[in-house]
1. Taking the Cα centre of the chain as origin, sum charge times position over the Cβ atoms of Lys and Arg (+1) and Asp and Glu (-1), and report the length of that vector in debye to the nearest 20.
2. Per DSSP helix of 4 or more residues, -39500 (n - 2.57); summed, then divided by the residues of the chain. What does that give at 222 nm, rounded to the nearest 500?
3. When you count, for each residue, the other Cβ atoms within 10 Å and take the mean per peptide, how do 209-219, 81-91, 97-107 rank with the highest first?
4. Translational diffusion coefficient of segment 174-235 at 25 °C, 0.890 mPa s, Stokes-Einstein with Kirkwood Rh over Cα pairs, in µm²/s as a whole number.
5. Using a 1.4 Å probe and ignoring any ligands, DNA or RNA, find the accessible area of M1 and quote it in Å² to the nearest 10.
6. With a 1.4 Å probe and every protein chain left in place, work out the accessible area per residue of segment 87-133 in Å², rounded to a whole number.
7. How big is the shadow of the Cα convex hull of segment 32-180, averaged over all directions, in nm²?
8. Could you order F283, F34 so the one with the most accessible surface comes first? Probe is 1.4 Å.
Amino acid sequence: MELILLDQGFEISGIIEKFTSFQWIRRYYDVGTFELHTSTEYFPYVERSRYLYHSGADESAVIESVFFSRDQTSRTNLVLKGRFLESLLSDRVIQSTETLSGNLEDSLRALVKTCAMTGARAIPLLSLGEKAGFAETISLQATGDNLMQRLYTILQSYEMSFRVDYRYQENQMLFSLWKGLNRTQEQQENGMAIFSDSFENILETSYSRNTADYKNFAYVAGAGEGNKRILEEVDQVLPGELRRELYVDARDLRPEREDGTSIPEEEYRRILRRRGLEKLAEFRAVEAIDGKADTHANLIYRTDFDLGDLCDYANPGIGLSVRKRLTEVREIYEGGTMRLDTVFGEDYVTNIKRIVQREVN
């Protein structure tokens, strides 16, 4: 594993060969981060560096914080922190009303091109990568949002994500959408990833569930006044569930495009529905399964499972069986070993935290 420091133009400014601690935190529905504790001998190189390239990872990062300290015993410490390249899109906003309609992938690629690849707003070296060919559609209106956060919010409802890959050889950053593999028992295209006491790959588990803020039905009120406001209902009540309602004021969603032309009512209702789905996503039930799993048993990280993959978890002892995505992977390098902490699901759905340890090559 090499940690290569790159300057503003992505030219090599130094190579970090030793460190006391390094955390590389990959996330599916949010931007990844890193934290590096290393020798102060690298400070001159860090001072002229902007990016960190991790040879053993798919992602690269922006160096956003540098901290140097020396205690009374003259012991020194240099700490670098930052976020992955996707964070570059957080410096762009959706400055005018954008109405996205049609193919999801085409719409989001066009949005990124408008906000981050055009004229004075263009981020150096950033361009569109290859299309994945997703067939999902979208009806949505956005204004004034942070581009990065809006992309994550939109894609989470499709169980998808996006990445900004730096191609070292080509000196290019490429934007693309992606989706983790389905590794559940219901499919046959990919190898299955099942975490269970029955396979002896789960050492400890704990389960908790909280539905205090849970909502499953939304009234989304759009344009108009009084009884003439357009009202769209979003029903996500599951069979046997009690109805738990939420009111969403969406008067900011206008029934006309930026050029003044009217949006057909059917399309406008789809836009309201999308707002309702996003709001309901903020009020899901909190369900968590924390545990420690030994991946030496039968599953190998990045081979049998990886970030974004949909996996099965089963606990026969309490009759629990769930299916969730791997949404966070925390690679922690210390003392010549790597400890891997992972989370299945978001903060409001099932979480499985696994801790493993193996030798670093």
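The values are calculated or read from the model by the stated rules, or taken from the named source; none is laboratory data. These numbers were taken from a predicted model, which means no experiment stands behind them. Using ideal geometry, Cβ is built from the backbone for each residue, glycine included, and neighbour counts are taken over all protein chains shown. Surface areas here come from the heavy atoms of the whole protein model, side chains and all, with no ligands, DNA or RNA. Shrake-Rupley method; radii C 1.70, N 1.55, O 1.52, S 1.80 Å.
1. 460
2. Here the helix-only value at 222 nm equals -4000 deg cm²/dmol.
3. Values: 209-219: 15.5, 81-91: 19.7, 97-107: 17.5.
Final packing ranking: 81-91, 97-107, 209-219.
4. Result for D is 140 µm²/s.
5. Counting only protein heavy atoms, the figure is 90 Å².
6. Solvent-accessible surface per residue comes out at 44 Å².
7. Details: hull surface 44.0 nm².
Projected area, direction-averaged: 11.0 nm².
8. The ordering from most to least exposed comes out as F283, F34.
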